[in-house]
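Only one structure is covered here, and it is reproduced in the block below.
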Amino acid sequence: MVARSTCAFTVGGDSGHIAPRSARKGREKVVGDPSDKPCKLVVCRGCCCGTKKKVPGVDHKAQLKRLSGIEDHEGRSVPVRVSKCLGICFKANVVVVQPSSKGRADGGRPVWLGDFTEDRLVDELDDWIFRGGPGAAPVPEPLQPHLTSKDAKKPKKKKLKKQLKRKRKQAEKDKKEKKAAASKGGKGDKGKAGEKGASPEKAKGGKARKAEGKKKKKK
């Protein structure tokens, strides 16, 4: 694996420090064709991507700063364009890697990456672009689970709905059982009280009345 850059962004903290590009080790730069344009990145930052509400616990500013500091094997800065919305908000954060001129000529096409929130993913993307990016080098294994497309559809929630229905039915059953148990318990207490006679409070009231009656007779 190509040695990664020393720059890093923090998750849930302050913006990371980006090391000078000259400090990156293990990357021998070569002089290529001047007509060959480098890879480009399109980073989504809009209603969902790059927001704490949709993607909490990520320092989005620091991530964008890191992406803006990526260089290819010729030492060229990779242009970054910020998009307001790329349409697949459920995959936030979304990054699109566009191939270089040479990569496109070799069959490379834009690669869409979703759920792009971890520091290690920026490292893998950095290394991949250094090796040539789309059309020049295969997608790194750690990035493959994040592959998506502009036509990606939001996953269906049938299973989730079924689970919620089951939970609701179970909750209703529990409520009915509790009510039934409470009503049975209440009837049982009334029956016992009737069998034993008057309640203690009623008994006290009766004694007090008898005492008052006796006092009146004496007078």
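Throughout, read-outs are computed from the coordinates displayed, never taken from laboratory work. Quick caveat: nothing in here was measured; it's all calculated off a predicted structure. Cβ atoms come from the backbone with ideal geometry, glycine included; neighbour counts cover every protein chain shown.
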Please give me the summed charge of the neighbours of Thr148: other residues whose Cβ is under 15 Å from its Cβ, Lys and Arg +1, Asp and Glu -1. +3
DSSP-assigned coil residues among trypsin sites (Lys or Arg not before Pro) in the range 38-138, each with at most 10 further Cβ atoms within 10 Å: Lys53, Lys84
Answer in debye to the nearest 20: the dipole magnitude of the range 104-184 about its Cα centre, from +1 Lys/Arg and -1 Asp/Glu charges placed on Cβ, is 1920 debye
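On a 25 Å Cα-Cα criterion, which of the cross-link pairs Lys61/Lys157; Lys40/Lys150; Lys54/Lys154; Lys84/Lys161 come out too long? Walk me through the numbers before you get to the answer.
Working: Lys61/Lys157 32 Å; Lys40/Lys150 17 Å; Lys54/Lys154 15 Å; Lys84/Lys161 32 Å.
Table pairs above 25 Å Cα-Cα are Lys61/Lys157; Lys84/Lys161.
Fewest first, what order do Ser183, Ser68 take by the number of other Cβ atoms within 10 Å? Before the final figure, lay out the partial values.
On the way: Ser183 10, Ser68 15.
In order of increasing Cβ crowding within 10 Å: Ser183, Ser68.
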Taking H as built 1.01 Å from N, whose amide H comes closer than 5 Å to the amide H of Ser83, not counting residues under 5 places away? Val43, Cys44, Arg45
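Can you tell me the alpha carbon radius of gyration of the range 34-148 divided by the globular rule-of-thumb value 2.2 N^0.38 Å? Walk me through the numbers before you get to the answer.
Numbers: Rg = 13.4 Å, N = 115, 2.2 N^0.38 = 13.4 Å.
Against the compact-globule rule of thumb, the ratio is 1.00.
With +1 on the Cβ of every Lys and Arg and -1 on the Cβ of every Asp and Glu, and nothing else charged, how large is the dipole of the range 34-148 about its Cα centre, in debye rounded to the nearest 20? Walk me through the numbers before you get to the answer.
Values: 18 positive and 14 negative charges, 147 e Å.
Its charge dipole is roughly 700 debye.
Neighbour counts of other C-beta atoms within 10 Å: give me Thr148, Thr51 arranged from fewest to most.
Details: Thr148 19, Thr51 16.
So the residues, fewest neighbours to most, are Thr51, Thr148.
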